[in-house]
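The values are calculated or read from the model by the stated rules, or taken from the named source; none is laboratory data. Every value quoted in this text rests on a predicted model; they were computed, and no experiment measured them. Positions of Cβ are generated from backbone atoms using ideal geometry, with glycine treated the same way; all protein chains shown enter the neighbour counts.
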């Protein structure tokens, strides 16, 4: 089974945002990066499928030279090789541009299965995987919590809202977006890190004339929307006052 | 014209549909009509329910291949609807179902899709949209590119269902679509719940939610007492569910459910953004926390700085007085 895993490099969770001068993007020189968490689960799932069914796992990433950090990390965890669509313009690209860049790089590989995280922790469009499926001409399903391979097809467990799930069957090739928590992540071993240095990372130029689907007019800190009424007093007094206000002011009890 | 895509399952309208309608009314310039399309196997009841509210004409799209949701069938149907209606905007609630098919529809039509929208600047074709980026650390104002129609999905709780302006009952018209059943690649089984007591928290009127401040599994009972006294569902932030103190389907936040109840009571929840994005649309938020600087107080309407182990039983006591 030939599996692609699309991985994005995103700012770390601890990163405190700072904006560039025209306030349309972040100050990238301040940022430390890591692998997008849902993509890490997609990679782990791909490695487990390879262990069970054989084949290879190919990491695919679209971004500036800096994304080699997460590509190397994925190779160190066990991926076999990588495709890197390398262009500075991809650092702030929207889901359409990223999907088109990846589709162009992946088209000739004829992957059986393409996995990626359900959304990115940076722009968070939750679109790229589904658009990529459409551009590759393969069926998809999203927010997946389990994958079973049955002959040339798959059965996947899709998360619905409110604690509901659903099994869906579809033929291969296919694309799935993976939910965090689908598995337990492994970390790179020293041996893996050494082996990764010899693995192939094929660089692919960004196809010309990709039109963005949206433009960021401005970025800002979110505004504080509410004025909190603090209720003081002993626990009994505060409780009495809170219940009174919830009944009489807010009218929610 | 603005087209809202209603979401229903087995005749039950997802109330996030009303929020998308409220957003459509905010986006609609003077005199620009809103229409609502509802898709399914049989949608007469849902279509009538929407039409009765008088928010605009309702288009009922019924097809045997739409009885069970698949992205292939919904995309095929929606493409025909959008081509026929030619709206400027297509608004959808940002549900899991929308996330599953809207990007496919946008890609197939080569149109812009702006997701998870929390605010709208201006109206008509020049409007821009506010959406979170970087896990809510930043708000982005974005402008769709290319030609209309533009697709927009509206974050759950960002617009109020009860803010919908209603009018005289509207007409329901049906529209037929052509779907080749053999071209649908996904074969779904019936939805199921992992745990028998699982609830759809997004439909709850009141929620009592616990965070790390609850300290131990035994103390969950304290929060459950409050939930019972308030007629509320119990919920939690991620760490509580990761510990197995409450089941995963009761998790609120970016990796769990997004809710917008009338009342949300946060007990011992610090208010990490991953949690806030799941509940900040609640109408009234109460925060009880030891730490006066906890970010949860930034979104709370009422705050009590104190020991929840003392305050919560006192509230239960007060409620039981009647």
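Return the residue satisfying two criteria in turn: it lies in the stretch A:187-219 and is more than 29 Å from residue A:138 (Cα to Cα) and in contact with a helix residue (DSSP H, G or I) (Cβ under 6 Å, 6 or more places away or on another chain), and of such residues it is nearest to the other protein chains (Cβ to nearest Cβ). Top of the filtered list is A:188.
Only one of the numbered conditions (1) buried (at least 21 other Cβ atoms within 10 Å of the Cβ); (2) touching a strand residue (DSSP E or B) at 6+ places or on another chain (Cβ under 7 Å) is not met by residue A:165, and that is (1). Yes or no: residue B:123 away from chain A (no Cβ under 13 Å), within 19 Å of residue B:30 (Cα to Cα) and out of contact with any helix residue (DSSP H, G or I) (no Cβ under 7 Å at 6 or more places or on another chain)? Criteria not met by residue B:123. Among the residues of the stretch B:222-243, is there at least one that is surrounded by fewer than 21 Cβ atoms within 10 Å (Cβ to Cβ), under 28 Å from residue B:117 (Cα atoms), at pLDDT below 85 and facing another protein chain (nearest Cβ under 10 Å)? No, the stretch B:222-243 contains no residue that is surrounded by fewer than 21 Cβ atoms within 10 Å (Cβ to Cβ), under 28 Å from residue B:117 (Cα atoms), at pLDDT below 85 and facing another protein chain (nearest Cβ under 10 Å).
For the stretch A:98-123, which residues satisfy the criterion of being buried (at least 23 other Cβ atoms within 10 Å of the Cβ) and closer than 16 Å to residue A:212 by Cα? Those that are buried (at least 23 other Cβ atoms within 10 Å of the Cβ) and closer than 16 Å to residue A:212 by Cα: A:98, A:99, A:100, A:101, A:102, A:123. Scanning the stretch B:20-74 for residues that are touching a helix residue (DSSP H, G or I) at 6+ places or on another chain (Cβ under 7 Å) and without any contact (Cβ under 8 Å) to a residue 24 or more places away in the chain gives no hits.
Taking the stretch B:139-155 as the range and being closer than 20 Å to residue A:223 by Cβ and either buried (at least 23 other Cβ atoms within 10 Å of the Cβ) or modelled with pLDDT of 95 or more (or both) as the test, the residues that pass are B:140, B:141, B:142, B:143, B:154, B:155. Any residue in the stretch A:60-79 that is closer than 14 Å to residue A:132 by Cβ, at pLDDT below 95 and assigned by TED's automatic domain parsing to the domain that holds residue A:199? No; the residues of the stretch A:60-79 include none that is closer than 14 Å to residue A:132 by Cβ, at pLDDT below 95 and assigned by TED's automatic domain parsing to the domain that holds residue A:199.
For the stretch B:83-115, residues that are more than 7 Å from chain A (Cβ to nearest Cβ), closer than 18 Å to residue B:145 by Cα and surrounded by fewer than 24 Cβ atoms within 10 Å (Cβ to Cβ) total 6. Yes or no: the stretch B:302-313 includes at least one residue that is at positive phi and either within 27 Å of the chain's Cα centre (by Cα) or more than 10 Å from every other protein chain (Cβ to nearest Cβ) (or both). No: the stretch B:302-313 contains no residue that is at positive phi and either within 27 Å of the chain's Cα centre (by Cα) or more than 10 Å from every other protein chain (Cβ to nearest Cβ) (or both). Condition check: crowded, with 16+ Cβ neighbours inside 10 Å, facing another protein chain (nearest Cβ under 7 Å) and over 26 Å from residue B:258 (Cα atoms). Does residue A:171 satisfy that? Spelling it out, it is not the case that residue A:171 is crowded, with 16+ Cβ neighbours inside 10 Å, facing another protein chain (nearest Cβ under 7 Å) and over 26 Å from residue B:258 (Cα atoms).
Within the stretch B:304-315, can you find the residues that are surrounded by fewer than 18 Cβ atoms within 10 Å (Cβ to Cβ) and either under 10 Å from residue A:242 (Cα atoms) or touching a residue at least 12 places away in the same chain (Cβ under 8 Å) (or both)?
B:307, B:309, B:313
Residue B:192 meets all of the listed conditions (1) surrounded by 14 or more Cβ atoms within 10 Å (Cβ to Cβ); (2) within 7 Å of chain A (Cβ to nearest Cβ) but one, namely (1). Evaluated against (1) in contact (Cβ under 8 Å) with a residue 12 or more places away in the chain; (2) farther than 20 Å from residue A:182 by Cα; (3) more than 14 Å from chain B (Cβ to nearest Cβ), residue A:21 falls short on exactly one condition, (1). Against the test of being over 16 Å from residue A:131 (Cα atoms), at pLDDT 95 or above, touching a strand residue (DSSP E or B) at 6+ places or on another chain (Cβ under 7 Å) and within 11 Å of chain A (Cβ to nearest Cβ), the options B:130, B:59 yield a single qualifying residue, B:130.
Do we find that residue A:134 is at pLDDT below 95, facing chain B (nearest Cβ under 10 Å), crowded, with 17+ Cβ neighbours inside 10 Å and over 18 Å from residue A:49 (Cβ atoms) in this structure? No. Looking only at the stretch A:220-245, count how many residues are within 7 Å of chain B (Cβ to nearest Cβ) and more than 35 Å from the chain's Cα centre (by Cα). Going through the stretch A:220-245 one residue at a time, the tally reaches 11. The residues on offer are A:184, A:211, and the sole one that is farther than 20 Å from residue A:4 by Cβ, outside the structural domain of residue A:43 (by TED's automatic domain parsing) and either loosely packed, with under 14 Cβ neighbours inside 10 Å or at pLDDT below 95 (or both) is A:211. Just one of the listed residues (B:24, B:29, B:67, B:52) is within 22 Å of residue B:151 (Cα to Cα) and surrounded by fewer than 20 Cβ atoms within 10 Å (Cβ to Cβ), namely B:29. Scanning the stretch B:135-151 turns up at least one residue that is part of a helix (DSSP H, G or I), outside the structural domain of residue B:299 (by TED's automatic domain parsing) and under 23 Å from the mean Cα position of the chain (by Cα). When the criteria are applied in full, residue A:224 meets the requirement of being modelled with pLDDT under 95, part of a loop (DSSP other than H, G, I, E, B), touching a helix residue (DSSP H, G or I) at 6+ places or on another chain (Cβ under 8 Å) and farther than 30 Å from residue A:73 by Cβ. Number of residues in the stretch A:1-16 that are in contact (Cβ under 8 Å) with a residue 12 or more places away in the chain, surrounded by fewer than 16 Cβ atoms within 10 Å (Cβ to Cβ) and within 10 Å of chain B (Cβ to nearest Cβ) equals 1.
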